[in-house]
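Encoded as structure tokens, the structure appears first; notes follow it.
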Amino acid sequence: MSRSRLTRRGRIAVWGGGALAVALLGVAGAGAWVYQSLDGNIHSADLDGKIGGDRPVNSSPGSKNILVVGSDSRDGDNAKYGKGLTTMQSDTLMVMHLAANREWATVVSIPRDSWVNIPECEQASGTPSKPHHFKINEAFAIGGSTGEVADAAACTIRTVEQNTGLRIDNFMSVDFQGFKGMVNALDGIEVCPETAIHDKKAHLDMEAGCQTVKDEKALGYVRTRYSVGDGSDIGRIGRQQEFMEAVAAKAKEKLTSPNAMYGFLDSATKSLTTDKELAGIKELTALANEIKEIPGDRLTFLTVPNYPREADVPTDKANVVWQYPYAGNLFTAMAGDKETDKKKLEAETKDPLYASAVRVQVLNGTGVGGRAAEVAETVRTAGFTVLPVGNAEAAKKTTVSYPPDQKAGAEVLASRLPGSVLKEDATATAGAVTLTVGKEFQGLR
């Protein structure tokens, strides 16, 4: 097959768990028995009552945020990929935002090693988990401890919503084995690694150069991380996107082969789980038709701006933290149904301002004893450098004030404090940012 790059529309199609590929490749026009067979393959996750309350409000009616998860379940045939892991795992996480006018769309990849707040979620034991910080993909595992994709999805949605402020409208997940079946139905995919790859964790041994991969080798190629490039999850995201492009391109070539096409779609739909609203070929076709009309140059693919957490916490060499204020600005734009300029974002985030470089003085404006110390510890845990705490006049709103030369640091902090007020103040503590905790303090993202 040709190794030419695929359109970004194709990339959306396949990473939508094969669901959008199903629609774009014309399943709706297939014979009735084919349609019914594929339609019956799709699993539905009932999320009613599982996500909980206090969710973000959809501030742009008509827009749609779809959470897409590549599920690394360790059950059955997938057990070989994770020794000692007994719950569901999320290997890939994306949020697809469709504008209300359907004239543009943004797909944001969230690194699975993102260090975030994991909210309380139901567990198999029946006892809710305690809120804590960890890699974002742990949310899928916590919820998935029940063995139900719906629970894994609910915990993941809660986590994404609380850390981004975005209202998630729909959910879809595809697992490892379904992905492998899709590739096999297409007789493999050609890849061209520049160097040899030997990764025991991904069960992969490949020599350098162009070659066609299928079965376990295809799976290993999209999973490999530590043995390629800089070993980061960010690099793997790029390789996965390139591979998905190739899958969608070859699927289009196979449209004239009924057997190959049916095998591809059968694997895709069997591995697919969606919320009730999307659980059907008809529903997915309607969604795909909307995406199909979006101009190619208005489909933007981004990764949440981030940097190694090691810059803030030297002992943590395994995770990344989101780069603020730009990560916050990105989510705010999506929530407000506004397009993000990719080139501008990349230029702005080239030289990150680490949280550890921002000195913060926390003042208590709530009148509740010990509140400043409590919040200061939260701020310190987030990587900021914290000065001695103090008291301030009673305040309703939480305020981040700063002398003129500390504006950049103040923006980093304020963008992590929902509902806070950012204010320049020439009398603020020199060389630092002042956080006055108000009665309406909503916590730190």
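The values are calculated or read from the model by the stated rules, or taken from the named source; none is laboratory data. Please read these numbers as outputs of a predicted model, since none were measured by experiment. No Cβ is skipped: glycine too gets one built from the backbone with ideal geometry, and neighbour counts run over all protein chains shown.
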Starting from residues that are at pLDDT below 95 and not small (Gly, Ala, Ser), keep the ones in region 143-161 and report whichever is farthest from the chain's Cα centre (by Cα). THR146
Taking only region 51-104 into account, find how many residues are of a type in the set (Phe, Trp, Tyr) and at pLDDT below 90. 1
Based on this model, can you work out whether ARG239 counts as among the charged types (D, E, K, R), crowded, with 17+ Cβ neighbours inside 10 Å, within 22 Å of the chain's Cα centre (by Cα) and at pLDDT 75 or above? yes
Select from region 190-224 the residues that are out of contact with any Ser or Thr (no Cβ under 7 Å at 6 or more places or on another chain) and free of Cβ contacts under 8 Å to residues at least 24 places away in the same chain and list them in ascending order. GLU194, ALA196, LYS200, ASP205, MET206, GLU207, GLY209, GLN211, LYS217, GLY220
Restricted to region 153-173, and to residues that are crowded, with 24+ Cβ neighbours inside 10 Å and either of a type in the set (Gly, Ala, Ser) or not assigned by TED's automatic domain parsing to the domain that holds GLU277 (or both), which residue is farthest from ASP215 (Cα to Cα)? ALA154
From the set of residues in region 284-324 that are in contact with a Phe, Trp or Tyr (Cβ under 8 Å, 6 or more places away or on another chain) and charged (D, E, K, R), which is modelled with the lowest pLDDT? ARG298
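Pick from region 293-320 the residues that are without any contact (Cβ under 8 Å) to a residue 40 or more places away in the chain and of a type outside the set (Val, Ile, Thr): which of them is nearest to PRO352 (Cα to Cα)? Walk me through how you get there before you give the answer.
Just the residues of region 293-320 that are without any contact (Cβ under 8 Å) to a residue 40 or more places away in the chain, to begin with: 297, 308, 310, 314-315, 317.
Those still in the list that are of a type outside the set (Val, Ile, Thr) too: 297, 308, 310, 314, 317.
Working: ASP297: 28, PRO308: 10, GLU310: 13, PRO314: 16, LYS317: 17 Å.
Checking each candidate, the answer is PRO308.
Among the residues in region 312-321, are any touching a strand residue (DSSP E or B) at 6+ places or on another chain (Cβ under 9 Å), in the same structural domain as PHE134 (by TED's automatic domain parsing), closer than 18 Å to ARG445 by Cα and not β-branched (Val, Ile, Thr)? Working first, answer last.
Step one: of region 312-321, the residues touching a strand residue (DSSP E or B) at 6+ places or on another chain (Cβ under 9 Å) are 312-313, 316-321.
Adding the requirement that they be in the same structural domain as PHE134 (by TED's automatic domain parsing) leaves 312-313, 316-321.
If we keep only those that are closer than 18 Å to ARG445 by Cα as well, we get 312-313, 319-321.
Add one more test, that the residue is not β-branched (Val, Ile, Thr), and what stays is 312, 319.
Yes: region 312-321 contains one or more residues that are touching a strand residue (DSSP E or B) at 6+ places or on another chain (Cβ under 9 Å), in the same structural domain as PHE134 (by TED's automatic domain parsing), closer than 18 Å to ARG445 by Cα and not β-branched (Val, Ile, Thr).
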Across (1) touching a helix residue (DSSP H, G or I) at 6+ places or on another chain (Cβ under 7 Å); (2) among the aliphatic types (A, V, I, L, M); (3) in a loop (DSSP other than H, G, I, E, B), VAL412 clears everything bar (3)
Output for region 411-431, where each listed residue is closer than 29 Å to LEU166 by Cβ and touching a residue at least 24 places away in the same chain (Cβ under 8 Å): GLU411, VAL412, LEU413, ALA414, SER415, ARG416, LEU417, PRO418, VAL421, LYS423
